Amino acid sequence: MRGNASTILKGFRLASGILTAPSPKKIKKLTFAVTYMCNCECTMCHIWKKYRENSALQKGEMNLEQIEKIFLNSMALRKVEKISFIGGEPFLRKDFAEIFLFFSRHYPYSIFDITTNGQNPALIKENMAKIFSAIDPSRLNFLVSLDGLRETHDKVRGRAGAFEAAEETLNQVRELSPSVRLIISFTLVPWNYRELLEVYYYAQSRGFSMTMRFAEMNDSFYYGIHGPRNGWKVEELSEAERRVFKVIGEIQKRRGLLGKIVNSDIFFFEKMADYMFLPRRTLNCYSGTHSFFMDPYGMVYPCLSLDRRIGSALDNGFDSVWNSPKAAEIRKSIAKGNCHCWTDCESLPSIQRHAKFISSNLKKHISRTFSFGSRKARER
Ligand code: SF4
Ligand code: SF4
């Protein structure tokens, strides 16, 4: 019953996203990095270095009271539909469960994502027990990073035993709440793409969903990376794309007709490698208008990828930052196409506002059903 209600709500939000114009007055999504503490040493992300290189920075992270104040005092933030908690590693914050519970009370109709590296199963279990005692699990997506099978995952995460820990976390959360949606989150880099399908089958065999994306290629203020990295060879990218399409085929096989047509993730996955071959803007982006990113210090950005600070919600209050001339100027620049990226947390909310993804899914379904179209389309 609860599941049905959440599917109906999802469908309603999807339809309203397509039918209504994006507006800063209707913020749909917040991505909130609650901390930059991290207990991994990933090859494709340098967040773990932040506090090791400058431990004083950590003192600037907001406390629970400061976070609550920002949200309780804002009119603009009254109706956020989706809140994604990321880090660093969110569970390294001693008060993470309290932060989450504040949001679940303040936003009784919102959907939440928690993304974790799953490296501290006991701590995560303790926090999740508190969280499940207070919320309907159908409002939560629980994402655990898994970037390969045992050895590869440990190598990518820079931590021996990382795979086992992630697996234990998944099992324990499942035990606490059999109905919560568990999602394996795979980040493609040149040294793990060969295991993409295996990880998908691993996820399938245990009843987990899977999402994937390529690691960011260039400068990233959020990931703490400066200068190009993760250099892909063309043949590696082509091979990675082939594997991505195999996974897409597997995902689609398991979906009913409606799921095949209305899910925006497939549109995102299909264009991932394409973006890597030729990075460019392909769709209008509404980050900074219908969504934003907030760092652990209360600084507001349009998204995770664009290093343009809109302002400090901690110092000035969210509404004055969000309605400022600087916010308007940044929105204008984004609308002109002055930046681009293809990341799931940022691109998906914008993709969901374009009916194009539905027609693209529909076309592919028809072409597969009647076995016409290009070889690539049939493989999909
Ligand atoms: S990807 Fe996640 S786990 Fe890895 S260093 Fe970055 S924040 Fe930490
Ligand atoms: S295109 Fe990407 S980088 Fe530019 S605002 Fe949108 S999400 Fe951010």
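Report yes if residue 6 is surrounded by 15 or more Cβ atoms within 10 Å (Cβ to Cβ), of a type in the set (Ser, Thr, Tyr), at pLDDT 95 or above and more than 18 Å from the chain's Cα centre (by Cα), otherwise no. Break it down stepwise before answering.
Working: surrounded by 15 or more Cβ atoms within 10 Å (Cβ to Cβ): yes; of a type in the set (Ser, Thr, Tyr): yes; at pLDDT 95 or above: no; more than 18 Å from the chain's Cα centre (by Cα): yes.
Criteria not met by residue 6.
Failed condition for residue 189, given (1) within 16 Å of ligand 1 (Cβ to nearest atom); (2) in contact with a Ser or Thr (Cβ under 7 Å, 6 or more places away or on another chain); (3) free of Cβ contacts under 8 Å to residues at least 60 places away in the same chain, with all others met?
Unmet for residue 189, out of (1) within 16 Å of ligand 1 (Cβ to nearest atom); (2) in contact with a Ser or Thr (Cβ under 7 Å, 6 or more places away or on another chain); (3) free of Cβ contacts under 8 Å to residues at least 60 places away in the same chain: (3).
Need pairs with beta-carbon distance below 8 Å; first residue within 24 Å of residue 266 (Cβ to Cβ) and within the stretch 327-349, second within 8 Å of ligand 2 (Cβ to nearest atom) and in a helix (DSSP H, G or I); sequence gap 6+ or separate chains.
Matching pairs, first to second residue: 341/347.
Could you please give the count of residues in the stretch 302-351 that are in contact with a Leu (Cβ under 9 Å, 6 or more places away or on another chain), of a type in the set (D, E, K, R) and at pLDDT 95 or above?
Total meeting the criteria: 1.
Would it be correct to say that residue 234 is among the β-branched types (Val, Ile, Thr), modelled with pLDDT under 95 and more than 26 Å from residue 353 (Cα to Cα)?
Working: among the β-branched types (Val, Ile, Thr): yes; modelled with pLDDT under 95: yes; more than 26 Å from residue 353 (Cα to Cα): yes.
Considered against the rule, which asks whether it is among the β-branched types (Val, Ile, Thr), modelled with pLDDT under 95 and more than 26 Å from residue 353 (Cα to Cα), residue 234 comes out as yes.
Anything in the stretch 315-331 that is part of a helix (DSSP H, G or I) and out of contact with any strand residue (DSSP E or B) (no Cβ under 8 Å at 6 or more places or on another chain)? List them, or say none. Steps first, answer last, please.
Kept after step one, since they are part of a helix (DSSP H, G or I), are these residues of the stretch 315-331: 315-316, 318-322, 325-331.
Matches in the stretch 315-331: 315, 316, 319, 325, 328, 329, 330, 331.
I need every pair where a residue in the stretch 269-294 that is of a type in the set (Val, Ile, Thr) has its Cβ under 8 Å from the Cβ of a residue that is modelled with pLDDT under 95, sequence separation at least 6 or different chains.
282/271; 282/275; 282/340; 282/342; 289/22; 289/23
Name every residue in the stretch 59-75 that is of a type in the set (A, V, I, L, M, F, W, C), more than 14 Å from residue 98 (Cα to Cα) and within 22 Å of the chain's Cα centre (by Cα), in order of residue number.
71
Looking only at the stretch 166-198, count how many residues are modelled with pLDDT of 95 or more, small (Gly, Ala, Ser) and more than 30 Å from residue 237 (Cα to Cα).
So the count comes out to 1.
Please specify each residue of the stretch 114-138 satisfying the condition of being among the β-branched types (Val, Ile, Thr) and at pLDDT 95 or above.
Quick first cut of the stretch 114-138, residues among the β-branched types (Val, Ile, Thr) only: 114-116, 124, 131, 135.
Scanning the stretch 114-138 gives 114, 115, 116, 124, 131.
Need the failing condition index for residue 334 against (1) touching a Pro at 6+ places or on another chain (Cβ under 7 Å); (2) part of a helix (DSSP H, G or I); (3) closer than 26 Å to residue 193 by Cβ, just the number.
Of the numbered conditions (1) touching a Pro at 6+ places or on another chain (Cβ under 7 Å); (2) part of a helix (DSSP H, G or I); (3) closer than 26 Å to residue 193 by Cβ, the odd one out for residue 334 is (3).
Would you check which residues across the stretch 94-122 are more than 21 Å from residue 178 (Cβ to Cβ) and within 16 Å of ligand 1 (Cβ to nearest atom) and list them?
96, 117, 119, 120, listed by residue number.
With the requirement that a residue be assigned to a helix (DSSP H, G or I) and more than 7 Å from ligand 1 (Cβ to nearest atom), what does the stretch 31-63 give you? Outline the logic, then answer.
Restricting attention to the stretch 31-63, the residues satisfying the condition of being assigned to a helix (DSSP H, G or I) are 47-53, 55-60.
Once the filter is applied, which keeps residues that are assigned to a helix (DSSP H, G or I) and more than 7 Å from ligand 1 (Cβ to nearest atom), the stretch 31-63 yields 49, 50, 51, 52, 53, 55, 56, 57, 58, 59, 60.
The values are calculated or read from the model by the stated rules, or taken from the named source; none is laboratory data. In this text the structure is predicted, and so the values were computed from the model without any measurement. Ideal geometry is used to build each Cβ from the backbone, glycine not excepted, and the neighbour counts take in all protein chains shown.
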